[in-house]
Amino acid sequence: MDKNHQVAQVVEKETLPESVVSKAQPINQPLQRRLEINYRRNQKQDQTELLDQAGQAFNYHDCSDSYWNPEAFSLLYGTPLWHQASEHQRLVLNQLYWVAYYSQIISAEIATIFFNQTSAAGLYAHDGFRTICDMLDLESSQERAHISAFRRVAEQTEQALLGKRLFSYPMRGPFSETMIFADTNQLKRWWKQLQLQAFGLISACNSFLACQYFTVRGLRTLNGKLVQHQLSRFCQSDQENAPIPSKISFYHFMDESFHFNSSTLLSHDVIRCLPKPTRFEALVANLGIRGCQQDHQRFSVAVNGIFWHDPALYPQVYELLRSHIFSMDDADAKAMMQACFTQESEGLHRSYRTHQEAMMSYQVYLEPLDYVWSSNRTMAIMHKASIDKYLRTQQQALSGFFQDMILAEFGNNEASNGNTHQ
């Protein structure tokens, strides 16, 4: 049966309860202690001051001759571009990976700040839930420190290297498309914005959905942990002399470790103190998990560990190849993009393995939750990803991208000729 038809049937049969604030069981003492321990430890190791200091002290030229991540975490690592690049170009690709990766993390954390607060509002309606709300307040404050440090490094680096933005973007609100390079259009962006606004409104007065948000947050953080653990280890052997972006990666990972613990406690344990979900609540919860699958159904050869839609990145990659860093002409830049995006490579296989690891970890994370649909439990949407499918997509999309460039150039020439004859 069509999934949209199933959703429609549930909505027809199920209406919102008169009081969407369900009666919760008190949090038992062992769980309360675990919540308090997680909160106190996060307070004790809070990296906000160190992150603020690092962000304010960052100067690109002081870090310009250093790798900021393990070599394998470089833009287009393991592709023909990487293999042909000079040492200086590889250094830049490594630094731009940091910029691209944490530009995506900024987008996710902007949304997290908002949904932490709406979820806290939904949970504060119950006696004994204050520790959870205080814990989320601290985490939101930490997210703001992360965003500030990431933005300073990203914007200064792009300005120094290219004189303009490549992956970063102006500050924005929590209802924008979370994936900054997605397979989307204006209608899809509008629909996603409505969904996020509706969920924020409902979860602020529904305890089950307030808790369930942390299932989605846990999945997204789990994906981050796969990469961020490796990024954070890069500076641990000599943290004092590590470049500032590497230190920021470490400080961020330390905070996020506690955030992941919070997500797991709320989505796996606190949720059991609440009444079983109604059919409507289970529907909304599963649509949220399905949305996470849809966001993560692809993998990127350009940025291993971020599940971007690579065709959305073509303009940025083309611009980078034509810049003074690589100094390619139009034909060489297009040939390089063809080689990197439409042919198998070490980088492509690495990115696919990361995607598969994420999918399997999501399955394990969801296993204890009995309200989850089978299609979410098995990660059916993510499971469709394959290297063959990726290559077919890129071959078709890249051809279209090149044709659009020719048409745009033709249009510009026609406009220029028209102005000349006037």
Tilt, helix 346-366 to longest principal axis of the chain (alpha-carbon atoms), in degrees rounded to tens, equals 10 degrees
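Rounded if a/c is under 1.5, else prolate if a/b beats b/c, else oblate: with a ≥ b ≥ c from the C-alpha gyration tensor eigenvalues square-rooted, which is the stretch 234-334?
Oblate, since a/c reaches 1.5 and b/c is not below a/b.
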Given charges at beta-carbon only (K, R positive; D, E negative), |dipole| of the chain in Debye:
1120 debye
Modelled label reach - SER176, point 7 Å along Cα→Cβ, the stretch 105-134 residues with backbone N closer than 11 Å
106-108, 110-111
Looking at the stretch 343-391, which trypsin sites (Lys or Arg not before Pro) are in a loop (DSSP not H, G, I, E or B) and have at most 11 other Cβ atoms within 10 Å?
LYS384
So, counting K/R as plus one and D/E as minus one, what does the shell of residues with Cβ under 14 Å around ALA242 add up to?
-2
When the chain is treated as a Gaussian network with springs between alpha carbons less than 10 Å apart, the largest mean-square fluctuation among GLN403, GLN297, GLN142 is found at GLN403
Enumerate the calculated ³J(HN,Hα) couplings along the stretch 39-46 in order (Karplus 6.51 cos²θ - 1.76 cosθ + 1.60, θ = phi - 60°), each rounded to whole Hz, writing x wherever the residue is Gly or Pro.
5, 5, 5, 5, 4, 5, 9, 3
In a GNM of the chain with a 10 Å cut-off on Cα contacts, which of LEU136, LEU194, LEU407 has the highest mean-square fluctuation?
LEU407
Once Lys and Arg are counted +1 and Asp and Glu -1 for all other residues with Cβ under 15 Å from that of THR178, the total becomes +3
What percent do you get for the relative contact order of the chain when only Cα pairs under 8 Å and 6+ apart count?
22 percent
List the aspartates and glutamates whose Cα sits under 17 Å from the Cα of LYS389, skipping any in the same chain fewer than 8 residues away.
ASP183, ASP295, ASP310, GLU344, GLU346
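At 222 nm, what helix-only mean residue ellipticity would the chain give, in deg cm²/dmol to the nearest 500, using -39500 (n - 2.57) for each DSSP H run of four or more? Numbers along the way, then the final one.
Working: 17 runs with 284 residues, N = 422.
Computed mean residue ellipticity for the chain: -22500 deg cm²/dmol.
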Under 10 Å, Cα contacts only: if you run a Gaussian network model on the chain, which one of GLY400, GLY347, GLY291 comes out with the highest mean-square fluctuation?
GLY400
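Given R₀ = 25 Å, what would the calculated FRET efficiency be for SER66 paired with SER148, taking r from the Cβ atoms and rounding to 0.05? Don't jump to the answer; show the numbers that get you there.
On the way: r = 22 Å, r/R0 = 0.87.
The calculated FRET efficiency here is 0.70.
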Quick one: what are the phi-derived ³J(HN,Hα) couplings along the stretch 315-321, Karplus 6.51/-1.76/1.60 with θ = phi - 60°, whole Hz, x for glycine and proline?
x, 5, 5, 4, 4, 5, 5
So if R0 is 56 Å, what FRET efficiency would LYS44 and PHE410 give, r being the distance between their Cβ atoms, rounded to the nearest 0.05?
0.35
Enumerate the calculated ³J(HN,Hα) couplings along the stretch 103-110 in order (Karplus 6.51 cos²θ - 1.76 cosθ + 1.60, θ = phi - 60°), each rounded to whole Hz, writing x wherever the residue is Gly or Pro.
5, 5, 5, 4, 4, 5, 6, 4
Would you mind computing the Rg to Rh ratio of the chain from its alpha-carbon coordinates, Kirkwood style for Rh?
1.00
Skipping prolines and chain starts, which residues have an amide H placed within reach, meaning under 5 Å, of the one on LEU75, given they are 5 or more residues away or on another chain?
ASN94, LEU96, TYR97
May I ask which of LYS188/LYS384; LYS225/LYS334; LYS164/LYS247; LYS164/LYS188 have a Cα-Cα span longer than 30 Å here?
LYS225/LYS334
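Read the figures in this text as sums done on the coordinates, not as results from a lab. The shown structure was predicted, so the numbers you read here are calculated from the model rather than taken from an experiment. With ideal geometry, Cβ positions are generated from the backbone for all residues, glycine too; neighbour counts draw on all protein chains shown.
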